[in-house]
Structure formats: C-alpha cells, structure tokens
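Step one of this worksheet: look at the structure below.
The values are calculated or read from the model by the stated rules, or taken from the named source; none is laboratory data. As the structure is a prediction and not an experimental result, all values here were calculated from the model. Using ideal geometry, Cβ is built from the backbone for each residue, glycine included, and neighbour counts are taken over all protein chains shown. Heads up: the accessible areas ignore ligands, DNA and RNA and are worked out on the full protein's heavy atoms, side chains in. Shrake-Rupley method; radii C 1.70, N 1.55, O 1.52, S 1.80 Å.
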Amino acid sequence: MNRILTIILLFISTFLTNGQPLSGITGLMNIPSAEMETDGAFLAGANYLPNALTPQAIDENTFNYYMSLTFLPFMEIGYRMTLLTLVKNGREVREQDRAFALRFRLLKEGQYLPAVVFGGNDVYTSVTSRTGNQFFSSLYLVGSKHIDLQQNRLGVTLGYAPPFFRNKDFSG
C-alpha cells in the first residue's frame with residue numbers, strides 16, 4: 001500500500017514542478033519555449049548530461065554549467081560551457097565547448113495570441129569559425145500559449161528550427 005501511495009504522489013508531483021533547462025535559456029531541458037524570465041533575472045547552474053542528451057559527436061557522459069541574464073523584458077542572453085573529450089592526432093584531449101545564446105521576444109502572450117520568440121544557440125561560432133566546436137548550434141522560432149483550466153495551467157509550445165548549421169543541436 002505504501003508503494004502505491006508513493007508512486008501516486010511522485011506522479012502527481014510532476015505536475016507541480018517546473019522544467020529544468022539544460023542550456024541555461026528558458027525552456028524545458030534542451031527544448032526552448034517562448035516563455036521569458038522576468039526583467040533583471042539572473043540564472044546560473046550546472047548539469048550532469050548523460051550520453052543520451054548530448055549531440056552524436058559527443059559520445060560520453062559529461063557536465064555543463066551555464067549562466068543567463070534577462071536584462072531587458074524582451075531579450076535573454078546565455079552562456080554555456082560543456083566539458084568533452086575529443087580525439088585529436090590519435091590522442092584523447094579534454095576540451096570545453098563554449099556556446100552563447102541570444103533570444104528576442106517578438107510577441108508577448110495575450111488573451112488569444114501566443115508569445116513568440118526568435119533565438120539562437122552558438123550562432124557566432126557557427127558563422128565565423130570553420131574549426132571551432134559547433135555541437136549546440138541552432139536557430140529557432142518558437143511560440144507558447146498557456147490555458148487556465150480551473151486551478152491548473154496548461155502550456156503548449158510549438159517551434160521550428162531550420163537546418164542551417166553543419167553540427168546542429170536540433171532541426172525541424
């Protein structure tokens with residue numbers, strides 16, 4: 001009986017928690033959303049990243065740490081550092097992949113309209129460098145809408161990431 005009650009409580013608690021971003025930008029794990037932090041918000045954190053959550057080029061369990069700042073109500077910037085091992089000249093070399101993120105809110109959520117955000121991850125390295133690590137590159141347009149259902153709130157997010165970059169974090 002205690003096991004069943006514990007499982008039920010754990011299941012219900014998942015509806016009461018917010019998603020943890022792995023990249024430092026607002027969203028759920030690696031998926032961006034059109035939600036924005038409040039003006040002046042500063043976030044910092046670190047994550048353990050199992051191999052299943054890393055791009056194909058990174059074939060290991062690793063760690064990252066991040067910082068993000070929303071210094072204007074419509075703009076969020078972020079910095080992420082991912083630790084990784086690369087094979088260069090037949091030797092394993094520990095490196096760090098640095099990625100900057102920038103997001104702009106184009107439309108604030110209203111009663112009928114969703115919030116819309118245009119953003120990118122690691123865009124500078126992808127555009128200016130042919131040799132740098134480009135494991136988390138992406139551009140995206142995403143919309144989010146929240147619906148109040150009695151005492152609960154349902155959020156729906158839909159986005160698109162064009163396949164512009166050679167090594168992309170996500171596409172489609």
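Count neighbours as other Cβ atoms within 10 Å of each site's Cβ, and list the trypsin sites (Lys or Arg not before Pro) in the stretch 45-94 that are DSSP loop with at most 15 such neighbours.
Numbers: sites: R80, K88, R91, R94; in loops: none.
Within the stretch 45-94, no trypsin sites (Lys or Arg not before Pro) qualify (loop, at most 15 other Cβ atoms within 10 Å).
If amide hydrogens are placed 1.01 Å from N in the peptide plane, which non-local residues have theirs closer than 5 Å to the one on L107?
V116
Tell me, what ³J(HN,Hα) does each residue in the stretch 37-42 have, in order and in whole Hz, if you take phi through Karplus 6.51 cos²θ - 1.76 cosθ + 1.60 with θ = phi - 60° and put x for Gly and Pro?
So the J values, rounded to whole Hz, are 5, 5, 4, x, 6, 10.
Sticking with the crude label model, points 7 Å out along Cα→Cβ, report the distance from L43 to E60 in nm, one decimal please.
For the pair L43/E60, the computed spacing is 2.7 nm.
Per-residue HN-Hα couplings for the stretch 99-110, Karplus 6.51 cos²θ - 1.76 cosθ + 1.60 at θ = phi - 60°, whole Hz, x for Gly and Pro?
9, 9, 10, 9, 9, 10, 7, 8, 9, 7, 4, x
Between Q96 and L53, what length comes free when the chain is fully extended (0.36 nm per residue of separation minus the Cα-Cα distance, one decimal in nm)?
Working: separation 43, 0.36 × 43 = 15.48 nm, distance 1.66 nm.
My answer for the length gained is 13.8 nm.
Among V142, V116, V156, V87, what's the order by accessible area (1.4 angstrom probe), most exposed first?
In descending accessible area the options line up as V87, V156, V116, V142.
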